[in-house]
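Here's the structure we're looking at; comments come further down.
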Amino acid sequence: MSFRGLFIAVLLSTAMIVSAFVLQSRRPRMEVDRPTADLVKAAGKCADCHRKETSAVIHEFEMSRHAQVGVTCLDCHQPTKGQDPYEHKGFTITRKLTSNNCRQCHEQQVDEYMKSRHAAPAWAAVTGTEDFTPEQIAFAEAIHEGAVDRPPHPLVAVQGPASINKGCRQCHDIGRPNADGSIGSCTACHARHVASVELARMPETCGQCHMGPDHSQLEIFHESKHGALFNVQRGRMNLEARPERLTTGDMPVPTCATCHMSGLEGEKFTHDVTERLSYFLFASVSDRRPKFEEGQKNMKAICLKCHTAPRIDEFYKDAEAVVDSTNTLVEEADAIMAGLREDGLLTPEPFDEPIEYLHFDLWHYGGRTAKHGAFMGGADFVQWHGYYEVVSKMTELKKSAEDIRALAVKGKGEAAPKAAAAGELPADVLATDAKPASADQAKGGADASTNPK
Ligand code: HEC
Ligand code: HEC
Ligand code: HEC
Ligand code: HEC
Ligand code: HEC
Ligand code: HEC
Ligand code: HEC
Ligand code: HEC
């Protein structure tokens, strides 16, 4: 070979090696990284192929405790009783996973969750009984009387299916019944592949649903001393500590999970979020829960891991005073509404007259928020989003009720009183909208949101 030929050959091969390096370095990381030997062993062919197809799933899975302890893809994805088998690349899997898949290894968590209002009652709030079997209804009713055997909330009919599917159901699906006979999916707080306690302990995880004007728990938490401290110190906390060994050293500041679920310093850790509650705060008028004493004892036991008893007792006393005083205000508003109904000045249907929205806003936004703020340390929510809303709506409500009565007197003899309530309805509409059966239905429906039992 001539020198020139040799030179060209060397040049060409150098260029090829360099370009191969360049190309290789530009390839996406997932193609460069080979799955670790451990992961192949643990998750096998699924992971190998899905690293190319859906790499995020694998990265999430790799971060999970499941990957560490050798739980495989198929452990979760194999069909359990009642699930449709799906032939997939030489494996039989299921495409819809439910709490039954998790139950194979986490029976206790599933059983506790089933007893909470996160299970059937959450779904029934929106859909009523229609999606449940008689056994499921009986099981939940034995624990939460009236929470499943009830009509859907009346707003569902008023707003229609599009809004309900993308709105109410997205949050209330935490208790959705599944085709395999189980309830819920466990991923609301754990996500699908990372299944971590760290995620479940973050306030934002609960805040996916527990936020907004009607249940501002996330905003209240961020306003509280607990929230302020947590935001600064979370980087120094051990949010991955195992539940049975969680100490105040791991988390010196509580999040939603700590107060409502965690087993801090040896306390019982629970998936029944109802266990530590003593009042039906979400109700318009808040009664004590059937297990009032026990609920309050359970929650206080958690506070007492970090606080002294006299302070906690005083905190509860002040918060209970807020329950009493909002109850009095809401009862006053209820009496105004009941008076109008008794005198036939409102239609039996809920949510068809402006005053009904005013009344709903009064307790559902203002009243409820004041109570939540009082129990979780949100002064602004007690005051400006709470009491202030209640008292200002009350004056509007009274004025509106007076107007309705005045209109009725004026229109007496000509049109039915209903016309007054609606402002000025034409007589032909009035003739058709009196449905004798709807009075009961509306009562059940309108009270569905207020009846906690
Ligand atoms: C040879 C490649 C390959 C293997 C092996 C493989 N998958 Fe897949 N998988 C795919 C592809 C490609 C898709 C996307 C199919 C589509 O888009 O319709 C998919 C889709 C899925 C889905 C979504 C199914 C749906 O329609 O909702 C699940 C769940 C799944 N795979 C789990 C697994 C599990 C678990 C294993 C191992 C037991 C596995 N896969 C093995 C390639 C693979
Ligand atoms: C802890 C249980 C668990 C393990 C382990 C697990 N998955 Fe999943 N996976 C789920 C759940 C739950 C879903 C959601 C299913 C549904 O929508 O009903 C899911 C969904 C999926 C999907 C569909 C994702 C989408 O958004 O379209 C794919 C693909 C998938 N898994 C692949 C895998 C692979 C591959 C592995 C192993 C590396 C694996 N999974 C391990 C529980 C698990
Ligand atoms: C094949 C058995 C198996 C299945 C199925 C399974 N898990 Fe696990 N899971 C485990 C084991 C084992 C651990 C580790 C427990 C330990 O560390 O002692 C674990 C740990 C966890 C943890 C704690 C993680 C952490 O950060 O400490 C969560 C949360 C969890 N699983 C949720 C789920 C959910 C949700 C499902 C269903 C989608 C599920 N698991 C399905 C066996 C399983
Ligand atoms: C996917 C939405 C969703 C997530 C995420 C969620 N919740 Fe809930 N939660 C609900 C719904 C809906 C209800 C109302 C259930 C009902 O109808 O009584 C509820 C009710 C509650 C209740 C009151 C139970 C009762 O007996 O009245 C507590 C306490 C609670 N959740 C705490 C939490 C905590 C703590 C977290 C996070 C660790 C969390 N939730 C995450 C949707 C959610
Ligand atoms: C952003 C998430 C979210 C949306 C959207 C949502 N809810 Fe809720 N809902 C919750 C949470 C969280 C609670 C628990 C409040 C509490 O206990 O303080 C709740 C409580 C309730 C309650 C009182 C508890 C009970 O079981 O009676 C009813 C009724 C209810 N929701 C009905 C609905 C209806 C109907 C819709 C749609 C028109 C809807 N919700 C939309 C999250 C949501
Ligand atoms: C409302 C949110 C929420 C839901 C829904 C939920 N979890 Fe959890 N889960 C948590 C929290 C919070 C922890 C950690 C508690 C703590 O801080 O000690 C946890 C911890 C766990 C652990 C760890 C236990 C251990 O000893 O390591 C497992 C397993 C688990 N959950 C399984 C499930 C299963 C199965 C379901 C479905 C029935 C489920 N979770 C539904 C919030 C939730
Ligand atoms: C410092 C402890 C603590 C923290 C942190 C905390 N809560 Fe609470 N929560 C309480 C107490 C106390 C009550 C009232 C209990 C009762 O009824 O006796 C309560 C009530 C509730 C209720 C009302 C249930 C009803 O009857 O309407 C919900 C829902 C709730 N909390 C969710 C959350 C969420 C979500 C977070 C985080 C964003 C959170 N909590 C943070 C202590 C806490
Ligand atoms: C994991 C520990 C922990 C738990 C559990 C806990 N707290 Fe706290 N709490 C703290 C810390 C830390 C502070 C900030 C104290 C400081 O200023 O140094 C605090 C502050 C407070 C404050 C404000 C104190 C003030 O003087 O401004 C109140 C009120 C309070 N907590 C009430 C409660 C109640 C009620 C519970 C139970 C429902 C509870 N806490 C549960 C750790 C906790």
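The values are calculated or read from the model by the stated rules, or taken from the named source; none is laboratory data. Predicted model, so just to flag it, every value in this text is computed and none were measured. Positions of Cβ are backbone-derived with ideal geometry, glycine not excepted, and every protein chain shown enters the neighbour counts.
Details
- Single unsatisfied condition, Ala241 versus (1) away from ligand 8 (no atom under 16 Å from the Cβ); (2) at pLDDT 95 or above: (1)
- Set Gly373, Gly339, Gly367, Gly344: member being in contact with a Phe, Trp or Tyr (Cβ under 8 Å, 6 or more places away or on another chain), of a type in the set (Gly, Ala, Ser) and more than 16 Å from ligand 1 (Cβ to nearest atom): Gly373
- Whenever a residue of region 44-65 is loosely packed, with under 14 Cβ neighbours inside 10 Å, its partners that are assigned to a helix (DSSP H, G or I) and hydrophobic (A, V, I, L, M, F, W, C), lying with C-beta atoms within less than 7 angstrom and at least six residues away or across chains, give the pairs Lys52/Met30.
- Those residues of region 156-175 which are closer than 19 Å to Lys115 by Cα and either of a type outside the set (Asp, Glu) or within 16 Å of ligand 7 (Cβ to nearest atom) (or both), in sequence order: Cys171, His172, Ile174, Gly175
- Scanning region 276-295 for residues that are under 22 Å from the mean Cα position of the chain (by Cα) and closer than 27 Å to Thr248 by Cβ yields Arg276, Leu277, Ser278, Tyr279, Leu281, Gly295.
- Residue match in region 291-306 (condition: within 16 Å of ligand 6 (Cβ to nearest atom), polar (S, T, N, Q) and assigned to a helix (DSSP H, G or I)): yes
- Residue within region 212-227 that is in a loop (DSSP other than H, G, I, E, B), hydrophobic (A, V, I, L, M, F, W, C) and touching a residue at least 60 places away in the same chain (Cβ under 8 Å) present: no
- One residue stands out in region 195-211 among those that are within 16 Å of ligand 3 (Cβ to nearest atom) and assigned to a loop (DSSP other than H, G, I, E, B): the one that is surrounded by the most Cβ atoms within 10 Å (Cβ to Cβ), namely Ala195.
- Any chance Ser185 is within 16 Å of ligand 1 (Cβ to nearest atom), at pLDDT below 95 and buried (at least 17 other Cβ atoms within 10 Å of the Cβ): yes
- Those helices (runs of 4 or more DSSP H) of region 70-139 in which 3 or more residues are among the acidic types (Asp, Glu) and modelled with pLDDT of 95 or more occupy 107-115.
- Residue that is nearest to Cys49 (Cα to Cα) [pool: residues in region 90-131 that are of a type in the set (Phe, Trp, Tyr) and surrounded by 21 or more Cβ atoms within 10 Å (Cβ to Cβ)]: Tyr113
- Residues in region 218-252 that are over 11 Å from Glu198 (Cα atoms), more than 10 Å from ligand 6 (Cβ to nearest atom) and among the hydrophobic types (A, V, I, L, M, F, W, C): Leu218, Ile220, Phe221, Ala228, Leu229, Phe230, Val232.
Yes or no, residue by residue, for (1) closer than 19 Å to Cys186 by Cα; (2) within 16 Å of ligand 7 (Cβ to nearest atom):
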residue	(1), (2)
Lys96	yes, no
Asn101	yes, no
Pro121	yes, yes
Ala138	no, no
Glu141	no, no
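- Of residues in region 176-194 being touching a Lys or Arg at 6+ places or on another chain (Cβ under 8 Å) and within 15 Å of ligand 5 (Cβ to nearest atom), the one farthest from Met114 (Cα to Cα): Arg176
- Residues in region 80-115 that are farther than 28 Å from Asp272 by Cβ and either touching a residue at least 12 places away in the same chain (Cβ under 8 Å) or acidic (Asp, Glu) (or both): 7 in all.
- Filter result (buried (at least 17 other Cβ atoms within 10 Å of the Cβ), part of a loop (DSSP other than H, G, I, E, B) and in contact with a Leu (Cβ under 7 Å, 6 or more places away or on another chain)) within region 252-266: Val253, Ser262
- Looking across Val273, Val194, one residue alone is more than 23 Å from Ala319 (Cα to Cα), β-branched (Val, Ile, Thr) and in contact (Cβ under 8 Å) with a residue 12 or more places away in the chain. It is Val194.
- Residues that are away from ligand 8 (no atom under 16 Å from the Cβ) and buried (at least 18 other Cβ atoms within 10 Å of the Cβ) within region 212-223 comprise His215, Ser216, Leu218, Glu219, listed in sequence order.
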